[in-house]
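Have a look at the structure below, then the notes.
The values are calculated or read from the model by the stated rules, or taken from the named source; none is laboratory data. In this text the structure is predicted, and so the values were computed from the model without any measurement. Here the Cβ positions follow ideal geometry from the backbone for every residue, glycine too, while neighbour counts run over all protein chains shown.
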Amino acid sequence: DAKTTQPNSMESNEEEPVHLPCNHSTISGTDYIHWYRQLPSQGPEYVIHGLTSNVNNRMASLAIAEDRKSSTLILHRATLRDAAVYYCILYGGSQGNLIFGKGTKLSVKP
Amino acid sequence: KAGVTQTPRYLIKTRGQQVTLSCSPISGHRSVSWYQQTPGQGLQFLFEYFSETQRNKGNFPGRFSGRQFSNSRSEMNVSTLELGDSALYLCASSLQPGGMNTEAFFGQGTRLTVV
């Protein structure tokens, strides 16, 4: 299974942008890059996903490197409610399910 | 529209007992997946059902089983409970199975404690 590497933890200040990196050097051509987050005491929540091009939605932006070996989740203005564990997941034809790693625990300071 | 509903939210069982957990997916979603979350192992995939058929199974012992009904509701069963089965069990629904280009919606989970 294709693997992702994320920092264990990151800190941000409220109302500042946050860039969460993810390395996936063994990504295959059919793997989509998904991001989920899990707030305390809740199930994971979908954030964004993409294949090759950068993606934007109301929650975040996803910047994908040209060689697709890395990606960055961008939260444009962090709020206290964005404090969560963020998971970067490769989801492709080689498996039929989301494979969660340990994720990045994001702390947001007021 | 209503989200994914898991019942019960909390459960305490004794070693050796069995337990059944329920998941009602979002209306119109036909794919249901189950995950186990523990502090040590993180989120691990159990199995996925689509149209009442198990499509995919994770690396768990046969004590863990599941099924899906014609209305897409799903149940998972754990027999002969062990202390190590204490975990948060999460259900996720999506429109299609193996939804690489779609999102999965998770329920809040069932917290199972085995004593």
Looking only at strands (runs of 3 or more DSSP E) that fall completely inside chain B, which ones have 3 or more residues that are within 13 Å of chain A (Cβ to nearest Cβ)? B:31-38, B:42-50, B:53-57, B:87-94
What residue, among those in the stretch A:6-38 that are modelled with pLDDT under 95 and within 11 Å of another protein chain (Cβ to nearest Cβ), is surrounded by the fewest Cβ atoms within 10 Å (Cβ to Cβ)? A:THR30
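In the stretch A:50-68, how many are under 23 Å from B:GLY42 (Cβ atoms) and modelled with pLDDT under 95?
1
Residues are listed down the side, and each one gets a yes or a no for (1) farther than 20 Å from B:LEU88 by Cβ; (2) modelled with pLDDT of 95 or more:
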{"residue": "B:THR14", "(1), (2)": "no, yes"}
{"residue": "B:GLY28", "(1), (2)": "yes, no"}
{"residue": "B:TRP34", "(1), (2)": "no, yes"}
{"residue": "B:ASN59", "(1), (2)": "no, no"}
{"residue": "B:GLY62", "(1), (2)": "yes, yes"}
{"residue": "B:GLY66", "(1), (2)": "no, yes"}
Scan the stretch A:39-50 for residues that are within 18 Å of A:LEU90 (Cβ to Cβ) and surrounded by fewer than 23 Cβ atoms within 10 Å (Cβ to Cβ) and jot them down. A:TYR46, A:VAL47, A:ILE48, A:HIS49, A:GLY50
Of the residues in the stretch A:55-110, how many are away from chain B (no Cβ under 13 Å), more than 12 Å from the chain's Cα centre (by Cα) and surrounded by 16 or more Cβ atoms within 10 Å (Cβ to Cβ)? 5
Answer with yes or no whether B:PRO61 is within 22 Å of A:TYR87 (Cβ to Cβ) and not aliphatic (A, V, I, L, M). no
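With respect to A:LYS3, is the statement that it is among the basic types (Lys, Arg), surrounded by 12 or more Cβ atoms within 10 Å (Cβ to Cβ) and within 11 Å of chain B (Cβ to nearest Cβ) true?
no
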